[in-house]
Amino acid sequence: MSGPLHKDYAGAKLGMWLFLFTELLLFGGLFLLYAAYLARYPREFGTAGGQMHLGFGTLNTVILITSSLLVAMAVTAIQRNARRMVLWLLGGTVLCAAVFLFNKYLEWSDEIGKGIYPNSPKLVAAPPGESVFFSLYYLTVGLHGLHVLIGGTLLTLVAVRVQRGTIHAGDYVLLENGALYWHLVDLVWIFIFPLYYLIL
Amino acid sequence: MSEQQHIVSYGKLTAIWLGLLALTALTVWVARHNVGIGHVWGSLAIAVVKGGLVIAFFMHMKYEGRLLRWLLFFALSVLAIFIGFTFFDVLYR
């Protein structure tokens, strides 16, 4: 069950969690802005939110939840010393990240094509609440997308190290912390999804 | 050392994944069948349950020691205070 652990194991994980708390407060601040402006412009937010693509939002939710499962299974696999399995699972996670970003590209292309982007003539002419909604949308979802990109890159590097054998059943804290980061990306999306795609 | 290394089985993780998918389907259903003002709080409640499942099982928080649990509680409390106090101002200005 328990192999020899890295000596800084607890410290490394504590450090990761402390970093994740700052990320929670970062996105929490953006959600707070959203909530405060929703209270001020409920009708404009309703109109703007009606233009969101529920299909893309739902599909990306399923993709991220699945990728979160795969990376959680990768942690279990490394604990069981199943290296090939870890590589397959990490590959699946990174593939999910790529598909997520591709969907985001399609979604944003469509919205930008319809003249919905920060400071676009259409939004400048629209009621102020609508431009606030879309500014917050691009900021929050863009920052989240950046996290997807960073998380995907991080997990690719982790996979290379698993392949080389520097991450193994006796020392896998880097994989575990990479997985924690990826779960945070999923966690943030779990709140973005209802706020931007569902409740309006 | 064994308290630091808890192995969560594939079966359990898959069960959590199925739960998350079911909650996603539920939250979309609730939003489509506009069930009145309650759907905002309902959607957020479902998101909180989903987030709780991810933190507890995928992120292994259920198996962590007191330090990390209390720190998580502290971080979420700070966030709740930020949000709560802002709304004291925004709603009753």
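The values are calculated or read from the model by the stated rules, or taken from the named source; none is laboratory data. Here the structure is a predicted model, which is why all the values come from computation and not from measurement. A quick note on method: Cβ atoms are made from the backbone with ideal geometry, for glycine too, and the neighbour counts reach across all protein chains shown.
Here are some notes:
- Taken together, B:Leu44, B:Leu91 contain a single residue that is loosely packed, with under 12 Cβ neighbours inside 10 Å, modelled with pLDDT under 95 and facing chain A (nearest Cβ under 8 Å), which is B:Leu91.
- Residue in the stretch A:128-135 that is away from chain B (no Cβ under 14 Å) and farther than 30 Å from A:Glu44 by Cβ present: no
- Take the conditions (1) more than 16 Å from the chain's Cα centre (by Cα); (2) aromatic (Phe, Trp, Tyr); (3) under 20 Å from A:Gly29 (Cβ atoms); B:Tyr10 misses just one of them, which is (3).
- Flag for B:Thr24 being facing another protein chain (nearest Cβ under 9 Å), among the β-branched types (Val, Ile, Thr) and closer than 28 Å to A:Ala74 by Cα: yes
- Residue identified as out of contact with any His (no Cβ under 6 Å at 6 or more places or on another chain), among the aliphatic types (A, V, I, L, M), within 14 Å of A:Phe31 (Cα to Cα) and free of Cβ contacts under 8 Å to residues at least 60 places away in the same chain among A:Val141, A:Val160, A:Val124: A:Val141
- Within the stretch A:106-140, being crowded, with 20+ Cβ neighbours inside 10 Å, hydrophobic (A, V, I, L, M, F, W, C) and part of a helix (DSSP H, G or I) holds for A:Leu123, A:Val132, A:Phe133, A:Phe134, A:Leu136.
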